[in-house]
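I'd like to ask some things about the structure below.
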Amino acid sequence: METQPAKKNISSYIIQSQEDEIKRIALELHEGVGQTLYSLFTGMQFIQTAVDQPEMKDYIRDMAQMMEKTIQEIRLLAVELHPPALGTLGLLPALKSYLKLYTSTYGIIVDLENEGKEVQIRERERITLFRVCQEALANIARYADTMSAGISLRWEPGQLSIMIKDKGKGFDVDAAMKSSAGIAAMMERMLLINGKCVISSKIGEGTSIDITLPLY
Amino acid sequence: MEYKGCSPGGSVRIDQACEKVLAELECDFVGLALQNTDGPDVKWHYAAGNSNEKYKRITVRYGKGIAGKVISTGRPMYVDNFPDNIAGKALEYPIMLAEGLKHAYAVPIHFKGIPKGVLLIGNRSGQPVSESRQSAAKEAARTLEKKLNG
């Protein structure tokens, strides 16, 4: 009798649990904390109109402004954790919105190309693809030392191919695989959804990450 | 609210001031970030010794990144031996990544008494920012404050 669960199942369970937890926190922040703060904010605005003392009025206005900023922060945090577009609009809109944030955070311009028509894929696969692209782009920001990068999506019958390329300083893939868990995790994540992630890099020439996912 | 340093003539003066800080403090990079006039976000407006133009596109939220943190707390911040010994992730320090800085010291710049900007000096090599350079950076920030306040 088999008592030991397969390693693949354990990895899959851990990653899935982590994603579920991130989604739960993001939703709780947005729908729970965010909404409660919004109710308090409208309440404060109401109090502000009802108060006659000018000093008190100003004080309440400042508090309401601070609360408005906090609501905005909570919303941004929730979007950063788990982009709502990923569940509602799909992978491409979620990536486009992430790239905007990426360029304004790290100053790296990313050229996005899309070939073919986006087809519906399961949420679990969408999240995995998004996370792998996010990791690849984060690595570019951290290590590549480049001003620009490119990402291209190709929707073909039976297969989605994503290529993330940069002309940065490149690295030794084998050495990085041994020392960093990030790259191995990208490959592992893709394997768990029956996809593939191939990383090629040349020092001084740049890096290319090819992701493929069979579409049924 | 308007920063005089952002006006066309003023920007030349601030650029020169950054170059002067770079030369006097013998550091690799000098950057000046200002909080946007129409919102809480913070942008890098001027730099000297920059290795690329990424800083021009970087915007951090109030309270985030070195610039956002220095403005929100109103206190200087020292990043030593980046990315080791940092609070949080390396990705939370965009200007350090963009300019490949190893050590940085950032001081707030006040506008009418409120922290609205940041002067950052940084080194790419293994040279930490000494206490005397940190004091000099504070002095330079005060000079810039005067220029910005007109």
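So what are the radius of gyration and Dmax for the Cα set of the protein assembly as shown, in Å?
23.5, 81
Can you give me the Cα centroid spacing of segment B:91-150 and segment A:38-56 in angstrom?
Taking the Cα centre of segment A:38-56 as reference, the centre of segment B:91-150 is 39 Å away.
Nothing charged except the Cβ atoms of Lys and Arg (+1) and of Asp and Glu (-1): what's the magnitude of the dipole of the protein assembly as shown about its Cα centre? Round to the nearest 20 debye.
On the way: 45 positive and 44 negative charges, 71 e Å.
Result for the protein assembly as shown is approximately 340 debye, rounded to the nearest 20.
Moving to a separate point now. Dipole size in debye (nearest 20) for segment A:20-93 around its Cα centre, Lys and Arg Cβ +1, Asp and Glu Cβ -1?
Charge dipole, segment A:20-93, about its Cα centre: 160 debye, nearest 20.
At a 1.4 Å probe, what is the % contribution of carbon and sulfur to the accessible area of the protein assembly as shown?
Values: 10680 of 19740 Å².
Here carbon and sulfur together make up 54 percent of the probe-accessible area.
Can you flag which of A:K100/B:K56; B:K20/B:K64; A:K96/B:K54; B:K54/B:K112; B:K56/B:K112 are past 22 Å Cα-Cα? All intermediate terms of the calculation are to be shown ahead of the outcome.
Details: A:K100/B:K56 15 Å; B:K20/B:K64 28 Å; A:K96/B:K54 20 Å; B:K54/B:K112 29 Å; B:K56/B:K112 25 Å.
Violating the 22 Å limit, Cα to Cα: B:K20/B:K64; B:K54/B:K112; B:K56/B:K112.
Between B:M77 and A:M177, what is the label-point separation in nm under the 7 Å Cα-to-beta-carbon projection?
In this crude label model, A:M177 to B:M77 measures out at 3.7 nm.
Next question. Pairwise over distinct Cα atoms, reciprocal of the mean inverse distance: report the Kirkwood radius of segment A:86-216 in Å, one decimal place.
On the way: mean 1/r = 0.0672 Å⁻¹.
Result for segment A:86-216 stands at 14.9 Å.
Separation between the B:K20 and A:S97 pseudo-spin-labels, each 7 Å from Cα along Cα→Cβ, expressed in nm?
Using points 7 Å along Cα→Cβ, the separation is 4.7 nm.
Under the rule of -39500 (n - 2.57) per DSSP H run of 4 or more residues, summed and divided by the residues of chain A, what mean residue ellipticity at 222 nm is obtained, to the nearest 500 deg cm²/dmol? Provide the component values of the computation, followed by the final result.
On the way: 8 runs with 123 residues, N = 216.
Roughly -18500 deg cm²/dmol at 222 nm, from the helical runs in chain A.
Taking a point 7 angstrom from the Cα of B:D84 along the C-beta vector, which residues in segment B:117-137 have backbone N less than 20 Å away?
Correct set: B:122-131.
So, one more: Using 25 Å as the Cα-Cα cut-off, could you pick out the over-long pairs in B:K102/B:K138; A:K8/A:K165; B:K102/B:K147?
Working: B:K102/B:K138 20 Å; A:K8/A:K165 29 Å; B:K102/B:K147 29 Å.
In this structure, A:K8/A:K165; B:K102/B:K147 lie more than 25 Å apart at Cα.
Take the Cα coordinates of chain B, assign each an equal point scatterer, and use the Debye formula without solvent to give log10 I(q)/I(0) at q = 0.08, 0.13, 0.14, 0.20 Å⁻¹.
One equal scatterer on each Cα of chain B leads to -0.18, -0.49, -0.57, -1.28.
Taking 0.36 nm per residue of separation and subtracting the Cα-Cα distance, what length does fully extending A:I10 through A:F46 add? Intermediate values should be presented prior to the final figure.
Values: separation 36, 0.36 × 36 = 12.96 nm, distance 5.23 nm.
Between A:I10 and A:F46, full extension yields an extra 7.7 nm.
At what distance in angstrom do the alpha carbon centres of segment B:37-51 and segment A:111-176 lie from each other?
Segment B:37-51 and segment A:111-176 have Cα centres separated by 29 Å.
What aspartates and glutamates does A:K57 reach when the alpha-carbon gap must be under 15 Å and sequence neighbours fewer than 8 apart in one chain are set aside?
Result set, ordered by chain and number: empty.
Follow-up. What is the magnitude of the charge dipole of segment A:1-147 about its Cα centre, with +1 placed on the Cβ of each Lys and Arg, -1 on the Cβ of each Asp and Glu, and no other charges, expressed in debye to the nearest 20? Present the calculation step by step, with values, prior to reporting the outcome.
On the way: 16 positive and 21 negative charges, 73 e Å.
With Lys and Arg at +1 and Asp and Glu at -1, about 340 debye.
Place +1 on the Cβ of every Lys and Arg and -1 on the Cβ of every Asp and Glu in the protein assembly as shown, take the dipole about the Cα centre, and give the residue among A:L215, B:G68, A:L29 whose Cα lies farthest towards its positive end.
The Cα lying farthest towards the positive end belongs to B:G68.
The values are calculated or read from the model by the stated rules, or taken from the named source; none is laboratory data. If you're wondering where the values come from, they're calculated on a predicted model, not measured in any experiment. Note: ideal-geometry Cβ built from the backbone for every residue, glycine included; neighbour counts use all protein chains shown. Ligands, DNA and RNA are excluded from the accessible area calculation, which covers all protein heavy atoms including side chains. Shrake-Rupley method; radii C 1.70, N 1.55, O 1.52, S 1.80 Å.
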